[in-house]
Amino acid sequence: MLGNCIDEVRKQGTLVHNITNYVTVNDVANILLACGGCPIMSDEAEEVEEITSICSGLNINIGTLNRRTIEAMYIAGRKAKELGHTVLLDPVGAGASRLRTETAARLMKEIKFDVIRGNISEIKTLSRGSGSTKGVDADVADAVTEDNLDEAVAFVKAFASETGSITAVTGAIDLVSDGADCYVIRNGRPEMGRITGTGCQLSGMMTAFVAANKEQKLKAAAAAVCAMGLAGETGFKYMREGGGNASYRSLIIDAVYNMDGKILDEGARYEIR
C-alpha cells in the first residue's frame, strides 16, 4: 500500500528547495502545496546553500539551463548531500543539446542523487552518454510499451543499479526501480502529455514524497508517480465541454489537493517485478 506516503508528506509539511525551470515554476510550487508540502524556489548561487540547508529535499531540474543556474545546482547539490537531504535530478531534454547532456552527466558524477526522474529517452541518453529526444519529450521510438516491457524493466533496473539512484521513467507505462525491484505503473491519461509541466510537477512532488519517507524511498517514489497519474485520471473526469489543457492542468492540481492515502491506495494501479 502506498497511501501512507502522501499522508506523511501532509503530516510533515515537507519543505522542498526547487532549482527548476521558469516555464513551469509556478505549477511546481502549486503541486507541492497541493500534496501537503512546502515549496521554496531559489537559483541564486549566493544564497542556495542557506536555502537548501533549511529544507528536507532538493529538486534539480535542468529544463531552462544557463550558466548562472548551473553553478547554483552544483553548490546546492553538494550542500544538500552534505546534510543528508533527499536530492532528485530531472534531466529535462538530455540529448537535445550538448550543454544539457554534459550538465546532467557532470551533475550525476559530482552529486549522488537519491532519485533520477525522466522520460525514457532522457534516461537512455544518461546511460549511453549521448542520445536524442524530440525537443524535451521522449522519442516515439523509445516509448515503453507492453511489447517491450520486459526489456524496459531490465534496462531501468540496470541503470538504477549502476548509478545507485532510484530511477523513475515516466510515460504511457511508468517504471520505478532501485535496481532490485521495479514498480510497473499504469495510472494516468494520454491527455497529460498535452500539458507543459506534468513531469516537472511530478519531480517536485516526488522529492517531497521521498524526503518525507526516507526509510522507504522506492515505495515513496512509486507512490508519487501513482498519485500524479491518478490525479490525471480524476481531473479528466471533471473536464467540461469546451475545456482544454489549461483547465485540465488546474483540475490535476485540484485532484492532488483532495487526495489522501485512502484515495491513493484505492486508485493506484501497479505491479512489482
Notebook entry, point to check: Residue check: is ILE54 surrounded by fewer than 16 Cβ atoms within 10 Å (Cβ to Cβ), of a type in the set (A, V, I, L, M) and in contact with a Leu (Cβ under 8 Å, 6 or more places away or on another chain)?
Noted result: yes
Notebook entry, point to check: Which one is farthest from SER97 (Cα to Cα), of the residues in segment 27-43 that are of a type in the set (Val, Ile, Thr) and in a helix (DSSP H, G or I)?
Noted result: ILE31
Next item on the list: Mind listing just one residue for me: the one in segment 1-43 that is of a type in the set (Gly, Ala, Ser) and buried (at least 17 other Cβ atoms within 10 Å of the Cβ) and, of those, nearest to CYS226 (Cα to Cα)?
Entry: GLY3
Check: In segment 161-196, which residue that is closer than 19 Å to ALA143 by Cα and small (Gly, Ala, Ser) is most open to solvent (accessible area, probe 1.4 Å)?
Finding: ALA172
Check: Residues in segment 219-244 that are in a helix (DSSP H, G or I) and surrounded by 13 or more Cβ atoms within 10 Å (Cβ to Cβ): how many?
Finding: 18
Check: When only residues in segment 61-110 that are of a type in the set (S, T, N, Q) and open to solvent by 40 Å² or more (accessible area, probe 1.4 Å) count, which is farthest from ASP27 (Cα to Cα)?
Finding: SER97
Item checked: Matching residues, segment 245-273, being hydrophobic (A, V, I, L, M, F, W, C) and either in a loop (DSSP other than H, G, I, E, B) or within 13 Å of ILE6 (Cβ to Cβ) (or both) -> ALA255, VAL256, MET259, ILE263, LEU264, ALA268
Check: Could you say whether any residue in segment 170-187 is without any contact (Cβ under 8 Å) to a residue 24 or more places away in the chain, closer than 25 Å to ASN245 by Cβ and not in a strand (DSSP E or B)?
Finding: no
Check: Which one of the conditions (1) touching a His at 6+ places or on another chain (Cβ under 9 Å); (2) part of a loop (DSSP other than H, G, I, E, B); (3) more than 26 Å from ALA227 (Cα to Cα) does GLU46 fail to meet, given that it meets all the rest?
Finding: (1)
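The values are calculated or read from the model by the stated rules, or taken from the named source; none is laboratory data. Small disclaimer: the values here were computed from a predicted structure and weren't measured. Reconstructed Cβ throughout: ideal geometry from the backbone, glycine too, with neighbour counts over all protein chains shown. Ligands, DNA and RNA are excluded from the accessible area calculation, which covers all protein heavy atoms including side chains. Shrake-Rupley method; radii C 1.70, N 1.55, O 1.52, S 1.80 Å.
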